[in-house]
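A.B. asks: Questions regarding the structure given below will be posed in turn.
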Amino acid sequence: MSRDRPLELTVNDQPVESAAPEERILLDFLREDLELVGTKRGCDLGTCGCCTVWVDGRPTLSCLTLAHLVKGRSVTTIEGLAPPTRLTALQRAFVEHGATQCGFCTPGFIMTASALLRDHPHPSRPQILRVIGGNLCRCTGYTKIIEAIEAVAREST
Amino acid sequence: MHLDPFELHQPATVDEALCIYRDHAGDADYLAGGTDLLPNYKMHLNLRRHLIALGGIPELGGIALGRLGSMTRLADLEGSGPVAGAYPGVAEAVAEVATPLVRASGTVGGNLMLETRCFFFNQSRFWRASLGYCLKAEGAVCHVVPQKEKCYATFSGDLAPALAVLDAEVEVATDRGRTRIPLIDLYDLRGDGIRRHTLPPSAIVVAVHLPPIARQRLGTYRKLRIRPAFDFPELGVAVAVRFEGSSVAELRVAVGGLETAPRRFDELTDPLAGQQLTEERIRELAGAITRSVRPVYNTFLPPDYRRRMTGVFVRRALVDLAPASSAAA
């Protein structure tokens, strides 16, 4: 017996018409049903921030969000920030500053920090530290990540 | 982790939600922000087959001076300048809940109704099975204080103590209508510890109401934890005080993160009304509160350390809030 229920939403500015069981988690819906595997499954319990996406522009833990509760809303994943062969300024800064090592946490950091820079183009260092408090990185020690975010903040007008 | 199947209900009104709960009593949970319930479901902790999402009920939203809708996102409360400015202790507490990402989804009502926590409870089913489960979920014995009557899981919400010291009330919807009760009465140390609140299982917290006098109180919230982000409180101390001249008009102290329920110490603070808050009185009060709390070893830090830090935090908070003339060293 299929328990799937229709699910329509917008993902990366594209309308999506799909169906999913009522207990489907947004992270699983994105990765397994839509094959948008840029969004990572880290702790799966809300601690690490690897699964961060935007729901209506707001950074949200996709591992703790039921897919059916974002019905009709707009979800943005790491794939939706720039066209496939392009990088955003922040993504480029992550590359240039070596802020990506194993890379697993990177999509989450980019989604969190991109929303910060969109809303506050010139954040202070304490503000940056506070906002990325929900994203864990086990490689970089955070310094390079913070420097990459600050570099973009400096360059923006 | 995929969740076990459940039916997701999305009522548009409180009455509809109560009705759905009644139809599935014993096999339903309300879902607010999901940042506590869904991790517990992923751990197979006390699963239900019906989830009633409260996010689509307009009445549960709204944030204003004096009224916080229960579905107010913690991030929205944190970002609400006038409200946060009027209740500084609440602003401090909400800013210390988990992480910005959790606060983007987590709600005021969810934080008040947070499931209690314990080393032996917040574990995978595999882990718990190896010990024969525990009193709070599927088992018959508590592993923290071995016996079969009382669960010692710790109440770990940050907002409850911060709101309790402002004499907040909660508006509650039940099958028998609406009631308003003091927020502190949501919790009872004398319970079995398994149920985390005193309300009937079907009840819905509609809103938190703050009396006008709350705006005249100075307040602060101190949280003990290992990391400055994410961690639940190992201890949370909330203090609110109103002075008339250099004397105390009202003083309230509440703690969380120590026992199965948050506690307010009116019996110790009421006698201080009309008195100067001298260093000696602060020390006596901090000592009396320290002697009265009974944490157990079911969080990261040892209970004796958490107990002694209770007095330290109470003393520091009161020294900071007292007028310079009365608590001067």
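The values are calculated or read from the model by the stated rules, or taken from the named source; none is laboratory data. The structure presented is a predicted model; accordingly, all values stated were derived computationally and were not measured. So basically every Cβ, Gly included, is an ideal-geometry build from the backbone, and we count neighbours across all protein chains shown.
A.B. asks: Given the options B:227, B:215, B:242, name the one that is out of contact with any Ser or Thr (no Cβ under 6 Å at 6 or more places or on another chain), surrounded by fewer than 22 Cβ atoms within 10 Å (Cβ to Cβ) and either modelled with pLDDT under 95 or within 24 Å of residue B:122 (Cα to Cα) (or both).
C.D. replies: B:227
A.B. asks: Can you pull out the residues in region B:39-50 that are buried (at least 20 other Cβ atoms within 10 Å of the Cβ) and more than 13 Å from every other protein chain (Cβ to nearest Cβ)?
C.D. replies: Answer for region B:39-50, where residues must be buried (at least 20 other Cβ atoms within 10 Å of the Cβ) and more than 13 Å from every other protein chain (Cβ to nearest Cβ): there is none.
A.B. asks: I would also like to ask the following. Evaluate the following for residue B:119: is it in contact (Cβ under 8 Å) with a residue 40 or more places away in the chain and surrounded by fewer than 18 Cβ atoms within 10 Å (Cβ to Cβ)? Lay out the reasoning, then the answer.
C.D. replies: Numbers: in contact (Cβ under 8 Å) with a residue 40 or more places away in the chain: yes; surrounded by fewer than 18 Cβ atoms within 10 Å (Cβ to Cβ): yes.
Yes.
A.B. asks: For a quick check of your reading of the model, give me the residue pairs whose first member lies in region B:65-76 and is aliphatic (A, V, I, L, M), whose second is assigned to a strand (DSSP E or B), with beta-carbon atoms closer than 7 Å and at least 6 apart or on different chains.
C.D. replies: B:68/B:207; B:68/B:208; B:71/B:107; B:74/B:107
A.B. asks: Among all residue pairs at least 6 apart or on different chains, which show Cβ distances below 9 Å where the first residue, located in region B:243-255, is assigned by TED's automatic domain parsing to the domain that holds residue B:321 and touching a residue at least 24 places away in the same chain (Cβ under 8 Å) and the second is in a strand (DSSP E or B) and among the polar types (S, T, N, Q)?
C.D. replies: Within 9 Å, the pairs are B:246/B:276; B:247/B:276; B:248/B:276.
A.B. asks: Out of all the residues in region A:34-53, is one or more within 11 Å of the chain's Cα centre (by Cα) and on the phi > 0 side of the Ramachandran plot?
C.D. replies: Yes, region A:34-53 contains a residue that is within 11 Å of the chain's Cα centre (by Cα) and on the phi > 0 side of the Ramachandran plot.
A.B. asks: Considering only residues that are in contact (Cβ under 8 Å) with a residue 12 or more places away in the chain and among the charged types (D, E, K, R), which ones fall in region A:1-27?
C.D. replies: A:3, A:4, A:5, A:8, A:13, A:22, A:23, A:24
A.B. asks: If you check residue B:310 against the conditions, is it part of a helix (DSSP H, G or I), free of Cβ contacts under 8 Å to residues at least 60 places away in the same chain and of a type in the set (S, T, N, Q)? Break it down stepwise before answering.
C.D. replies: Details: part of a helix (DSSP H, G or I): yes; free of Cβ contacts under 8 Å to residues at least 60 places away in the same chain: no; of a type in the set (S, T, N, Q): yes.
Against the criterion (part of a helix (DSSP H, G or I), free of Cβ contacts under 8 Å to residues at least 60 places away in the same chain and of a type in the set (S, T, N, Q)), residue B:310 does not qualify.
A.B. asks: Going through region B:170-205 one residue at a time, which ones are within 20 Å of residue B:264 (Cα to Cα), surrounded by fewer than 21 Cβ atoms within 10 Å (Cβ to Cβ) and β-branched (Val, Ile, Thr)?
C.D. replies: Across region B:170-205, the qualifying residues are B:181, B:198.
A.B. asks: Same structure, new question: Of all residues being surrounded by 13 or more Cβ atoms within 10 Å (Cβ to Cβ) and more than 14 Å from every other protein chain (Cβ to nearest Cβ) in region A:1-20, which is farthest from residue A:79 (Cα to Cα)? Just the residue, please.
C.D. replies: A:18
A.B. asks: Then there's this: For region B:10-38, which positions are within 13 Å of another protein chain (Cβ to nearest Cβ), crowded, with 21+ Cβ neighbours inside 10 Å and not acidic (Asp, Glu)?
C.D. replies: Of everything in region B:10-38, those that are within 13 Å of another protein chain (Cβ to nearest Cβ), crowded, with 21+ Cβ neighbours inside 10 Å and not acidic (Asp, Glu) turn out to be B:31, B:32, B:33, B:34, B:35, B:37, B:38.
A.B. asks: Examine region B:290-304 for a residue that is modelled with pLDDT of 95 or more, closer than 19 Å to residue B:87 by Cα and within 21 Å of the chain's Cα centre (by Cα), and state whether such a residue exists.
C.D. replies: No; the residues of region B:290-304 include none that is modelled with pLDDT of 95 or more, closer than 19 Å to residue B:87 by Cα and within 21 Å of the chain's Cα centre (by Cα).
A.B. asks: Here's another thing I want to ask about it. Taking region B:103-126, which residues are out of contact with any strand residue (DSSP E or B) (no Cβ under 8 Å at 6 or more places or on another chain) and either in a strand (DSSP E or B) or more than 11 Å from chain A (Cβ to nearest Cβ) (or both)?
C.D. replies: Those that are out of contact with any strand residue (DSSP E or B) (no Cβ under 8 Å at 6 or more places or on another chain) and either in a strand (DSSP E or B) or more than 11 Å from chain A (Cβ to nearest Cβ) (or both): B:110, B:111, B:114, B:115, B:119, B:123, B:125, B:126.
A.B. asks: Restricting attention to region B:264-272, does a residue exist that is modelled with pLDDT of 95 or more, under 16 Å from the mean Cα position of the chain (by Cα), surrounded by 15 or more Cβ atoms within 10 Å (Cβ to Cβ) and closer than 20 Å to residue B:92 by Cβ? Even if it seems obvious, please write down each step before you answer.
C.D. replies: First pass over region B:264-272, keeping only residues modelled with pLDDT of 95 or more: B:264-272.
Filter once more, so that each one left must be under 16 Å from the mean Cα position of the chain (by Cα): B:264-265.
Those left that are additionally surrounded by 15 or more Cβ atoms within 10 Å (Cβ to Cβ): B:264-265.
In the following step, the residues that additionally are closer than 20 Å to residue B:92 by Cβ were identified as B:264-265.
Yes, there is a match, as at least one residue in region B:264-272 is modelled with pLDDT of 95 or more, under 16 Å from the mean Cα position of the chain (by Cα), surrounded by 15 or more Cβ atoms within 10 Å (Cβ to Cβ) and closer than 20 Å to residue B:92 by Cβ.
One line per residue, one yes/no per condition, for (1) assigned by TED's automatic domain parsing to the domain that holds residue A:148; (2) in contact with an Asp or Glu (Cβ under 8 Å, 6 or more places away or on another chain); (3) assigned to a loop (DSSP other than H, G, I, E, B):
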residue	(1), (2), (3)
A:17	no, yes, no
A:27	no, yes, no
A:40	no, no, yes
A:44	no, no, yes
A:59	no, no, no
A:69	no, no, no
A:102	yes, no, yes
A:107	yes, no, no
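A.B. asks: Right, next: Tell me, which residue of region B:196-230 that is under 14 Å from the mean Cα position of the chain (by Cα) and part of a loop (DSSP other than H, G, I, E, B) is nearest to the other protein chains (Cβ to nearest Cβ)?
C.D. replies: B:196
A.B. asks: Given the conditions (1) surrounded by 14 or more Cβ atoms within 10 Å (Cβ to Cβ); (2) farther than 29 Å from residue B:142 by Cα; (3) in contact with a strand residue (DSSP E or B) (Cβ under 7 Å, 6 or more places away or on another chain); (4) at pLDDT 95 or above, report the number of the one that residue B:326 does not fulfil.
C.D. replies: Every listed condition holds for residue B:326 apart from (4).
A.B. asks: Can you list residue pairs whose Cβ atoms sit under 8 Å apart, with the first residue in region A:28-40 being farther than 13 Å from residue A:103 by Cα and the second being modelled with pLDDT under 95? Count only pairs 6 or more apart in sequence or on different chains.
C.D. replies: Every condition considered, the pairs that remain are A:28/B:2.
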